[in-house]
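Step one of this worksheet: look at the structure below.
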Amino acid sequence: MKTDQARRRLLAGLGATLGLAAAGLPLGGSASRARVVVVGGGFGGAAAARALRQFAPDLEVVLVEPSAVFRTCPFSNLYLGGLRSFGSLGHHYGYLQRRHGVRVVRSSARAVDPERRQVRLVDGTRLGYDRLILSPGIDMRWDALEGYDQTAAERLPHAWKAGPQTRLLRRQLQAMDDDGLFLMVIPDNPYRCPPGPYERAAMVAHYCRRHKPRAKVLLLDAKDAFSKQALFEQGWREVYGERIEWVGFSGDGEVVRVDANQRIVETAFGNRHQADVINVIPPQQAGYIARQAGVTDRSGWAPVKAGTFESRLVPDVYVIGDAAVAAPMPKSAFCAHSQAGVTAAAVLASLAGREPPEPAWLNTCFSLIDSDYAISISGQYRLRDGEIQEVSGGVSPLQASQEFRRREAEHARDWYAAMSHAIWGA
């Protein structure tokens, strides 16, 4: 009963996020007769498609997504730790079609023609649009780390896109010797899900504690500080003792070269580490279609107008989720969802020739350290002097009881269930 009530509260909170964006929104008119194309069916794109139809039921909304099933990066670390099945990470698009009337096109976008306002699909089909929302997630920067490319990733998986790579890393972990070494390479900021590598370390340690009792986890990090660091380090010590070792940039943690065949990584100071399993998380950039559309700059990410998330480089194209430059908001699933509601409202206001409503964004991110031990970070963001600013936020207290950590683990599971239901009806 308490869990059901918690999920209802979370669902109400997710709805409120969209409601903040929709407050005072003028509907109908030209906006209801237009077509909006959304590329990418993850936490940002699918939520934007849903929100557009929710705000303007007569609007034509087309969601372009090649996958029949979307696999979530959130909770994929729990699959690695043995706390979640792979199937539970998958979500279908039928709910968006049946309940919200979103037209889902199973294909990949290959090009955007801003002058003709068209998206070209891989089969040559062209979709015209009045407004375009890109939510393409990330691509790996295969040229950023010497020796690491798509071929190397089949031996040293990144598993930073949930799917086959996640299953490959799980199989390698299962096959590792009982006294083996699991080594993770972590990039400098920015990248998808800042706390993700450190939760993964905990979940790998969780699996090893049960199945590989003498195994160790070594983290080589290209930076000296990370999200929720004090909480993670406290949790690692409390739950796993000395099983997890983190080496930051100043301690020669920056990896500059990998040898996939020998399973060796080399650091900036020339130290070489060999391991049984190596999880390389490389530097990242906005997904292909954002780069092709011309909405990214030299950083590889897409600069956007703070109040609406319209591209600063291409008019009438909006970019949300991990691909966008939205600091101080992190590249998180909750931020993508929050951006979706604000951007949907801005798109409809633009179509109606009116000013967009005042934006507000939220973020909540839970990280599991053990099955009944979680920590969290949250933030609220507003537009101040034309820039996105964090107006409030916080992290779990360092001095917290086991019961507090257990409740946060419950909240994490409730959050995932509520978010999945709100977007995909799962």
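The values are calculated or read from the model by the stated rules, or taken from the named source; none is laboratory data. Just so it is clear, the model here is predicted, and its values are computed rather than measured. Ideal geometry is used to build each Cβ from the backbone, glycine not excepted, and the neighbour counts take in all protein chains shown.
Pairs under 6 Å by beta carbon, first residue under 24 Å from E266 (Cα atoms) in region 210-239, partner assigned to a helix (DSSP H, G or I) and of a type in the set (S, T, N, Q), six or more apart or different chains?
As it stands, the answer is D224/S250, since those pairs meet every condition given.
Before we move on, is A302 among the hydrophobic types (A, V, I, L, M, F, W, C) and either out of contact with any helix residue (DSSP H, G or I) (no Cβ under 7 Å at 6 or more places or on another chain) or surrounded by 24 or more Cβ atoms within 10 Å (Cβ to Cβ) (or both)?
Against the criterion (among the hydrophobic types (A, V, I, L, M, F, W, C) and either out of contact with any helix residue (DSSP H, G or I) (no Cβ under 7 Å at 6 or more places or on another chain) or surrounded by 24 or more Cβ atoms within 10 Å (Cβ to Cβ) (or both)), A302 qualifies.
Looking at A374, A344, which is the one that is under 22 Å from the mean Cα position of the chain (by Cα), without any contact (Cβ under 8 Å) to a residue 40 or more places away in the chain and crowded, with 24+ Cβ neighbours inside 10 Å?
A374
Considering only region 175-224, state which residues are crowded, with 23+ Cβ neighbours inside 10 Å, under 18 Å from Y148 (Cβ atoms) and over 23 Å from the mean Cα position of the chain (by Cα).
Matches in region 175-224: F182 only.
Among the listed residues F182, F232, F226, which satisfies the condition of being modelled with pLDDT of 95 or more and either part of a helix (DSSP H, G or I) or assigned by TED's automatic domain parsing to the domain that holds I320 (or both)?
F232
Between R272, R243, which is surrounded by 15 or more Cβ atoms within 10 Å (Cβ to Cβ) and in contact with a strand residue (DSSP E or B) (Cβ under 7 Å, 6 or more places away or on another chain)?
R243
Please go through region 36-77 and pick out each residue that is in a helix (DSSP H, G or I), more than 17 Å from S350 (Cβ to Cβ), touching a helix residue (DSSP H, G or I) at 6+ places or on another chain (Cβ under 6 Å) and small (G, A, S).
A46, A47, S76, listed by residue number.
When both residues are 6+ apart or on different chains and their Cβ atoms are under 8 Å apart, which pairs have a first residue that lies in region 158-170 and is surrounded by fewer than 21 Cβ atoms within 10 Å (Cβ to Cβ), and a second that is of a type in the set (G, A, S)?
Listed pairs, sorted by first residue: K161/G137; Q165/A153; Q165/A159; L168/A159.
Does at least one position in region 252-259 carry a residue that is within 30 Å of A48 (Cβ to Cβ) and either in contact (Cβ under 8 Å) with a residue 24 or more places away in the chain or β-branched (V, I, T) (or both)?
No, because not a single residue in region 252-259 is within 30 Å of A48 (Cβ to Cβ) and either in contact (Cβ under 8 Å) with a residue 24 or more places away in the chain or β-branched (V, I, T) (or both).
If I filter region 239-271 down to residues being within 17 Å of A215 (Cα to Cα) and not β-branched (V, I, T), which single residue comes out as nearest to the chain's Cα centre (by Cα)?
Filtering first and then ranking leaves W246.
Checking G13 against (1) small (G, A, S); (2) closer than 22 Å to T364 by Cβ; (3) surrounded by 21 or more Cβ atoms within 10 Å (Cβ to Cβ); (4) modelled with pLDDT under 95, which test does it fail?
(3)
Restricted to region 114-125, and to residues that are in contact (Cβ under 8 Å) with a residue 12 or more places away in the chain and on the phi < 0 side of the Ramachandran plot, which residue is farthest from the chain's Cα centre (by Cα)?
Here the answer is R116.
Between A326, A400, A409, A344, which is assigned by TED's automatic domain parsing to the domain that holds L89, under 19 Å from T72 (Cα atoms) and of a type outside the set (S, T, Y)?
Going through A326, A400, A409, A344 in turn, the sole match is A409.
Taking the options E233, E254, name whichever one is closer than 24 Å to G81 by Cα and acidic (D, E).
After applying the criteria, what remains is E233.
Is one or more of the residues making up region 138-156 in contact with a helix residue (DSSP H, G or I) (Cβ under 9 Å, 6 or more places away or on another chain), among the small types (G, A, S), at pLDDT 95 or above and under 20 Å from G41 (Cβ atoms)?
No, region 138-156 contains no residue that is in contact with a helix residue (DSSP H, G or I) (Cβ under 9 Å, 6 or more places away or on another chain), among the small types (G, A, S), at pLDDT 95 or above and under 20 Å from G41 (Cβ atoms).
Do you know which residues across region 157-166 are touching a Phe, Trp or Tyr at 6+ places or on another chain (Cβ under 9 Å) and part of a loop (DSSP other than H, G, I, E, B)?
Across region 157-166, the qualifying residues are H158, W160, A162.
Can you confirm whether Y79 is surrounded by 17 or more Cβ atoms within 10 Å (Cβ to Cβ) and at pLDDT 95 or above?
Here the answer is yes, as Y79 does meet what is asked.
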